[in-house]
Amino acid sequence: MENLYINHIAVFVCAIFNLALGALWYSPFLFYKAWLSETKLTEEQLAKQSPAKTYGLAFLFSLIISYNLAFFLGDANTDAVWGATAGFLAGFGWSTLIFAIIALFEQRSWKYIFINGGFITVYFTIIGFIFGIWR
C-alpha cells in the first residue's frame, strides 16, 4: 500500500461529474420522458422533493463512490486504459447488475433497467478514466 495515491481534487471533480452527467442523462434531451414513464412518477411529485436534501445527499454519496473507486485505482501503475476498464467492470459488473437484480424483484421494466444501468456504467467508466489520467 505504500504506492497508493489518491488525487483528492479528482475525487471531488468526479463527485460533481455524477450530478452533471445525471443532469444530462435524465434531461429531456436524453432519457427524461422515458425515465419518468418507467418510474411512474409525475412532475408534480418531483417538484415536491427537497432539492437541498436530494442534491446534498446525491453529492455526498457520489463523493463516497468516487473515493471508493479512487482507492481501487490508487496504484502507481494505473493509467487511462486500466482506469476505464476497472470503472466499466465496477459500474457494469457490480453496480448495474446488482441494480438489475433488485429491479427484477421490484418487477421493473427492462427499459428502466437499461436507462439507469446505462447511467451507472457510463459514470463509473468515465470516472475510472479520469482517475487513470489525473494522477
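Derivation of every value follows stated rules applied to the coordinates shown; laboratory data play no part. Quick caveat, the model's predicted, so the values are computed rather than measured. When we count neighbours, we look across all protein chains shown, and the Cβ atoms used for this are built from the backbone with ideal geometry, even at glycine.
Computed on the Cα atoms alone, the convex hull of the range 32-101 gives a volume of 121 cubic angstrom per residue.
Treating r as the C-beta distance of K33 and R135 and R0 as 35 Å, the FRET efficiency rounds to 0.30. Across the range 92-108, computed HN-Hα scalar couplings (Karplus, 6.51 cos²θ - 1.76 cosθ + 1.60, θ = phi - 60°) run 7, x, 10, 5, 5, 5, 5, 4, 5, 4, 4, 4, 5, 5, 7, 6, 7 Hz from first to last residue, x flagging Gly and Pro. Of the chain, which part is the longest with no GluC sites (Glu not before Pro) in a loop (DSSP not H, G, I, E, B) and with at most 11 other C-beta atoms within 10 angstrom? Here the longest segment lacking exposed loop sites spans 3-105.
Write down the Kirkwood hydrodynamic radius of the chain, to one decimal in angstroms, obtained as one divided by the mean of 1/r over all alpha carbon pairs. The partial results should precede the final answer.
Working: mean 1/r = 0.0635 Å⁻¹.
Here the Kirkwood hydrodynamic radius works out to 15.8 Å.
The range 85-105 and the range 25-67 have Cα centres spaced 19 Å apart. Size descriptor for the range 11-54, Kirkwood hydrodynamic radius: 11.7 Å (Cα pairs only, one decimal). Within a straight-line Cα-Cα reach of under 17 Å, K33 can be paired with the following lysines, leaving aside sequence neighbours fewer than 8 residues apart in one chain: K111. Using θ = phi - 60° in the Karplus curve 6.51 cos²θ - 1.76 cosθ + 1.60, the 3J(HN,Hα) couplings for the range 11-24 round to 4, 4, 4, 5, 5, 5, 4, 4, 5, 5, 5, x, 4, 6 Hz; x is entered for Gly and Pro.
Hey, what angle do you get for helix 110-133 against the long axis of the chain, alpha-carbon based, 0 to 90 degrees rounded to 10? On a 0 to 90 degree scale, this one is about 20.
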